[in-house]
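**Student:** Okay, here's the structure, questions in a sec.
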Amino acid sequence: MRPARLLALALIAATPAHAEPPVTVTVTGSYDDVQFDIENAITDAGLVIDSVNHVGDMLERTKADVGGSVTIFTHAETYNFCSAEISRQVMEADPLNLQHCPYRIFLMERPDAPGEVVVGHPRYPEGPMDAVNALLDGIIADALAGY
């Protein structure tokens, strides 16, 4: 068997059969208000937002160009940020935890459910990354406490 084929088979075998579903919370409210509260909760935790990805806008803007016909989101963003303290902790435990940085929180509103805003984050692997899951859970809980 060729080395490239062996590598491909090894990568397939090493890939999990399915990814863990994300952690999500759904609230009723104005998307703009929820977005504002998420931004404030991130910065109130002493973190700097590295980037905001406007996924909903991008998908809508490129819909026709890629043969799409469905509006998937009314609004959808991802917030990317890191914690120096927690990143050091999880990467000292396993340098490959680098792959999870920056951490993200997403929020979205769908056209078929106006006023329902879904906020969440990827569920990171158990073990050292539990600290990241706890950080993100806490930020979301703080942001959504009034809903």
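We did not get these values from a lab; they are worked out from the coordinates using the rules stated. Since the structure is predicted, the reported quantities are computational estimates derived from the model, not experimental observations. For neighbour counting, all protein chains shown are included, and Cβ atoms are generated from backbone atoms with ideal geometry for every residue, glycine included.
**Student:** On average, how much area does the Cα convex hull of the stretch 11-147 cover when viewed from any direction, in nm²?
**Tutor:** Over every viewing direction, the Cα hull of the stretch 11-147 projects on average to 9.8 nm².
**Student:** Averaging sequence separations of C-alpha pairs under 8 Å and six or more residues apart, then dividing by the length of the chain, give the relative contact order as a whole percent.
**Tutor:** 31
**Student:** Compute the signed sum of charges (Lys and Arg +1, Asp and Glu -1) over the other residues within less than 12 Å, Cβ to Cβ, of VAL52.
**Tutor:** Every neighbour counted, the sum reads -3.
**Student:** Run the numbers for ARG61 and ASP137: contour at 0.36 nm per residue of separation, minus the present Cα-Cα distance, in nm. Numbers along the way, then the final one.
**Tutor:** Numbers: separation 76, 0.36 × 76 = 27.36 nm, distance 3.13 nm.
This chain segment gains 24.2 nm when fully extended.
**Student:** Further, regarding this structure: Among residues other than ASN97 whose Cβ falls under 13 Å from its Cβ, what is the net charge (Lys/Arg +1, Asp/Glu -1)?
**Tutor:** Overall, the nearby charge balance is -3.
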